[in-house]
Structure formats: C-alpha cells, structure tokens
Number of protein chains: 2
Amino acid sequence: MDSDVTDGEVTGGEVTALSIGGLSRRTGVHLETVRYYENIGIMPAPPRSAAGHRRYDREHLKRLTFVKRSRELGFTLKEVRALLALVDGGDYTCGEVQDLTLKHLRDVRDKIADLQRLEVTLAEISDKCARGTIPDCPVIETLFRD
Amino acid sequence: MDSDVTDGEVTGGEVTALSIGGLSRRTGVHLETVRYYENIGIMPAPPRSAAGHRRYDREHLKRLTFVKRSRELGFTLKEVRALLALVDGGDYTCGEVQDLTLKHLRDVRDKIADLQRLEVTLAEISDKCARGTIPDCPVIETLFRD
DNA sequence: CTACAGCCTGTAGTAACTACGGGTACAAGG
DNA sequence: CCTTGTACCCGTAGTTACTACAGGCTGTAG
C-alpha cells in the first residue's frame, strides 16, 4: 500500500515517476485534460515507458499544479501561457507578473460589476410578479416591450 | 429616405416587412446570429421573397427583441427556449416564469460570490508584490507552492 | 453597364475542456 | 494458462453561443 506501483510512486510518499492517472489524482486535473494540455503545449510531452505510457516526474507535478491554481484563479489558458512563458524564460520580473495579475483583477472586477447590475434588474422584474396563476406576467411583458 | 426599401420599411416608420439586415439593425443582433437562431429553432423560418431573401414582420421583430433582452439578462439559450416555450404554449402562468427568473437570479448571485472570493485572493497575492525587478515573485511562488 | 452592397449556403473557428469509440497492456485471481 | 478488470493509448466529436469566412447570386444606383 505504500508502494503504489500503478501510480508510479515508489517509497515513503516520495514520488519518482507518475502515470498519467497518478498525476491526475494528485492534482485533481482530469486525465483527458492533462493530455489536452500536452496537445496544446501547456504541458511538455513527458518520456514514455516501454509500453508507451507517459511517465511524469516532480517537475511535471509542479507545473500542472501551477496551471491548475492559475485556472482556479480565473486566468485564461492564454494568460497561463503568458505566465509560464515568463517562468520558462527565467528572466521574468515581479513587475511583469504583477501586471498580468492586476489586469486580471480588473477583468474580474468588471465582471462582478456587470453581474451586480444584472442582479438588480432580475430582482426588480421578479419582484413585480404577483405570482398569480393568470397568464399575465410582468417578466414576460418586460422582455417583450418595444 | 422615409421609404427605405432595402430595409423593407414602407411608410412613416411603420414596419411591414424587414430584410435580415433591417431586422439586424433594428434589434442590434448580428445578421449571422439571426440565421443561427433560425437554424437552432429559436426563431421561426420566415417567408422568402422571390429571390429567396428572408422577409420578417413585426412578430419576428418582437420575438427577436425578447430573445436579445433575455440574453442580455444572462439567460442561457436553453433558458430562453424554456421562456419561449411557455409563451408559445400560451398557457404559462406567472409563477412558472418567476421560477425560471429566480433560479437564474440564484445562479447570478452564486457567480458573483465566486468572483468576489477570486477578487480577494488576487488582490492579496498581488499586494504581496514589492514590484522589484528581481526575478523573485510572490505571485509565482504562491502558484507553484506544494 | 458596371460597381458595390446585400443576401444566400455551408463550414470552420473560438474557449476550455469532456466524452466517446475502439484498441493495447498488464496485474491479480481461478 | 486464461479471464477479468483496470489503466492506458489515440483521435475525433460534442459542448455554448456565437462569429467569420468562402464562394456565389441578386439588385440597384450612378
């Protein structure tokens, strides 16, 4: 049980090689998504076992975790690519990274503002509704009015 | 000028027939989108002119306006379809419509909450940044940490 | 008569995956 | 030794809601 070979783990929780399934389970990223990331160049093509199965190491694990966190923070794959390019280049500055983060923060705030306007409108038209059984509905009226 | 034939308008701003371009301009819905709505059954197939051009009337205009407003309020096309089905059936009750609206309102509120959590996290990690030119970046650290 | 706009159809591209179909590989149980 | 089951392989299609061509016809104004 502490040498889960199918996962590619070897000793004491220390990971030396991971199958795609093992990587998927450790990161919580769908197996198909890992392959997808490889196809579009977000993840590098890992070495293969004799049978052609993908073998991942700690670096892959770190990178995929990075991608997953970034996605959870709402960065698009394009933005993630930009962040990775900075990291891969190795000569990124903190300022460059913060620029991307702040731009994304502005996008998020804009979206929140949009949704809040929507929320108000939806609440308003819904409030007009007397919830009768008659087919006369203020919501529909609002949507249909010229 | 007050009989814009290419738009299919006839007299005094009163619309009797609209080309797809005229409908598009009046509603602000992209011409291709109008055709798309026809393909997927959101808009009915209108009659055609001798040359095969689509001819729309006031009912089409009203329906497309309805669809556009609903979309602007963030209803998905599936939800718009449900609203239209109620209207088309003719026997909808105000309660049914309000149910859809309130469900959508809940979705919007959930999304706002999600984005606000994101906003806080992004602001926090960005604030940690000293904006130096050194390649050591707290944002990247956060994204990479185990 | 010749531009040029407007319309026609159908298909492909966008974002970011997810799901599926059909096939191979390998370990454990009988 | 064989079977069963799981994990993996690849490539393609489906999802949402459009948008953007490509290639061709029509219709009108100058």
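The values are calculated or read from the model by the stated rules, or taken from the named source; none is laboratory data. Because the structure is a prediction, the values reported are computed rather than measured. Because the Cβ atoms are built from the backbone with ideal geometry, glycine has one as well, and the counts that use them run over all protein chains shown. Surface areas here come from the heavy atoms of the whole protein model, side chains and all, with no ligands, DNA or RNA. Shrake-Rupley method; radii C 1.70, N 1.55, O 1.52, S 1.80 Å.
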Could you look at chain B and say what percent of its accessible area is carbon and sulfur, using a 1.4 Å probe and all protein chains? 52 percent
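For the ranges B:31-39, A:19-27, B:85-93, what's the packing order if you count other beta-carbon atoms within 10 Å of each residue, average per peptide, and put the highest first?
With the highest mean Cβ count within 10 Å placed first, the list reads A:19-27, B:31-39, B:85-93.
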Considering only protein heavy atoms, what is the solvent-accessible area of B:PHE144 at a probe of 1.4 Å, reported in Å² to the nearest 10? 50 Å²
Rounded to 0.05, the calculated FRET efficiency for the beta carbons of B:LYS128 and A:LYS103 at R₀ = 22 Å is 0.80
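Can you give me the convex hull volume of the Cα atoms of the range A:93-146, divided per residue and expressed in Å³?
Looking at the range A:93-146, the number lands at 87 Å³ per residue.
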Simple spin-label estimate for B:ARG117/B:THR93, 7 Å along Cα→Cβ, in nm, reads 3.6 nm
Accessible surface buried once B binds A (1.4 Å probe; total of both sides; Å²): 4800 Å²
By the C-alpha gyration tensor axes a ≥ b ≥ c (rounded if a/c is under 1.5, else prolate when a/b exceeds b/c, else oblate), the shape of the range A:52-92 is oblate
Using only Cα atoms, locate the centre of the range A:57-134 and the centre of the range B:75-103, then give the distance between them in Å, rounded to an integer. 30 Å
For the range B:48-142: accessible area per residue (Å², 1.4 Å): 55 Å²
Given a Förster distance of 51 Å, the FRET efficiency implied by the Cβ-Cβ spacing of A:ARG145 and A:ARG58, rounded to the nearest 0.05, works out to 0.25
Let's test this: bin the Cα-Cα distances of chain A at 10 Å from zero up to the farthest pair and state each bin's percent. 9, 27, 20, 15, 14, 10, 5, 0
Surpassing 32 Å at the alpha-carbon level, of the pairs B:LYS68/B:LYS111; A:LYS68/B:LYS128; A:LYS111/B:LYS62; B:LYS78/B:LYS128; A:LYS128/B:LYS62, are B:LYS78/B:LYS128
Solvent-accessible area of B:LYS68, probe 1.4 Å, all protein chains present, reported in Å² to the nearest ten, please. 70 Å²
